[in-house]
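**Student:** Have a look at the structure that comes next, please.
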């Protein structure tokens, strides 16, 4: 049966589609701009967005398994509600949903609350679902690399509790494995939640040390105060979103994103290989600059 992938041209989505193709899955993608859908010829491309009912209904037709990714947006919850209702209307039974680490705890952060609400909808509507809860994406560091490289400051207010940053490639591969497992099962499988984390839980100061060692020159940690972080983001995104990112950073400082002892072992078993490390990503990012 067909697997429908939303968010297919994003940081996780493009890796995911390639992983599914490599597993000989029947893949359909829903994209706003087909010109960005640079996938294998076997991938079916449908144009539309998560609020376009006329596009969603044909996109969901004949689909048994859905990868649902809703980007952070002011109407994110509306998008999720519509997608799940259209999915149920179309007879979709099986879903892999990209949520967020600690979605049930950090509910003062809007997109965490939205994702937790969507998790509860999946349960209430009776879907057979794998809920993936990724920690902070290592790939986010692309947005701050210029500050690190040019000013010798690691600017993200990560705090001292630690964050187990995860690589988008690991997220995508776990998602692909779960989508194929659910799609090819002879019956609906029990729902479950998987924390997606990196192999190392790193503090802000430890991240600065990694960058210092990678670059061979001092990099200092910018500190735990998220106010400057919010002000900088407000120059490149809507102010409501910059404020939301500040709230998320405050959670990093107060609680961190600290995995359970078994999370890394579980992911290693699922993937059959070690997880990608922050240090390796930093070296790659520095070399590409």
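The values are calculated or read from the model by the stated rules, or taken from the named source; none is laboratory data. Computed from a predicted structure; not experimentally measured. FYI the Cβ positions are ideal-geometry reconstructions off the backbone, even for glycines, and counts take in every protein chain you see.
**Student:** Given the residues 217, 279, which is the only one that is farther than 17 Å from residue 103 by Cα and out of contact with any helix residue (DSSP H, G or I) (no Cβ under 7 Å at 6 or more places or on another chain)? Outline the logic, then answer.
**Tutor:** Numbers: 279 fails: out of contact with any helix residue (DSSP H, G or I) (no Cβ under 7 Å at 6 or more places or on another chain).
From the options 217, 279, the qualifying one is 217.
**Student:** Please verify whether region 142-154 includes one or more residues that are within 19 Å of residue 278 (Cβ to Cβ) and buried (at least 22 other Cβ atoms within 10 Å of the Cβ).
**Tutor:** Narrowing region 142-154 to residues within 19 Å of residue 278 (Cβ to Cβ): 142-149, 152-154.
Those left that are additionally buried (at least 22 other Cβ atoms within 10 Å of the Cβ): 148, 154.
The answer is yes, given that some residue of region 142-154 is within 19 Å of residue 278 (Cβ to Cβ) and buried (at least 22 other Cβ atoms within 10 Å of the Cβ).
**Student:** Mind checking which residues of region 23-37 are free of Cβ contacts under 8 Å to residues at least 24 places away in the same chain and surrounded by fewer than 20 Cβ atoms within 10 Å (Cβ to Cβ)?
**Tutor:** Going residue by residue through region 23-37, those that are free of Cβ contacts under 8 Å to residues at least 24 places away in the same chain are 24, 31-32, 34-35.
Scanning region 23-37 gives 24, 32, 34, 35.
**Student:** In this structure, does residue 163 turn out to be touching a helix residue (DSSP H, G or I) at 6+ places or on another chain (Cβ under 8 Å), surrounded by fewer than 19 Cβ atoms within 10 Å (Cβ to Cβ) and in contact (Cβ under 8 Å) with a residue 24 or more places away in the chain? Walk me through how you get there before you give the answer.
**Tutor:** Details: touching a helix residue (DSSP H, G or I) at 6+ places or on another chain (Cβ under 8 Å): yes; surrounded by fewer than 19 Cβ atoms within 10 Å (Cβ to Cβ): no; in contact (Cβ under 8 Å) with a residue 24 or more places away in the chain: yes.
Taking the combined requirement at face value, the residue does not satisfy it.
**Student:** Kindly indicate the residue of region 68-82 that is outside any loop (DSSP other than H, G, I, E, B) and in contact (Cβ under 8 Å) with a residue 40 or more places away in the chain and also farthest from the chain's Cα centre (by Cα) among those meeting that condition.
**Tutor:** First, the residues of region 68-82 that are outside any loop (DSSP other than H, G, I, E, B): 68, 76-82.
Now restrict to residues that are in contact (Cβ under 8 Å) with a residue 40 or more places away in the chain: 68, 77, 80-81.
Working: 68: 11, 77: 16, 80: 15, 81: 19 Å.
Across region 68-82, the extreme among qualifying residues is 81.
**Student:** Taking the options 62, 48, name whichever one is surrounded by fewer than 22 Cβ atoms within 10 Å (Cβ to Cβ), within 29 Å of residue 240 (Cβ to Cβ) and touching a strand residue (DSSP E or B) at 6+ places or on another chain (Cβ under 8 Å). If you could, list the steps in order and put the result at the bottom.
**Tutor:** Working: 62 fails: within 29 Å of residue 240 (Cβ to Cβ).
Going through 62, 48 in turn, just one is surrounded by fewer than 22 Cβ atoms within 10 Å (Cβ to Cβ), within 29 Å of residue 240 (Cβ to Cβ) and touching a strand residue (DSSP E or B) at 6+ places or on another chain (Cβ under 8 Å): 48.
**Student:** State all residues of region 70-85 that are surrounded by fewer than 14 Cβ atoms within 10 Å (Cβ to Cβ) and within 11 Å of residue 111 (Cβ to Cβ); if no residue qualifies, say none. Give the steps one after another, and end with the answer.
**Tutor:** Residues of region 70-85 that are surrounded by fewer than 14 Cβ atoms within 10 Å (Cβ to Cβ), as a first pass: 71, 74-75.
Correct list: 71, 74.
**Student:** Whether any residue in region 253-264 is assigned to a helix (DSSP H, G or I) and under 30 Å from residue 23 (Cα atoms) is what I want to check. Walk me through it before giving the result.
**Tutor:** Applying the first criterion (assigned to a helix (DSSP H, G or I)) to region 253-264 yields 253-255, 263-264.
Filter once more, keeping what is under 30 Å from residue 23 (Cα atoms): 263-264.
Yes, region 253-264 contains at least one residue that is assigned to a helix (DSSP H, G or I) and under 30 Å from residue 23 (Cα atoms).
**Student:** Another question about this same structure. Test each condition in (1) modelled with pLDDT of 95 or more; (2) part of a helix (DSSP H, G or I) for residue 143 and report the one that comes out false.
**Tutor:** (1)
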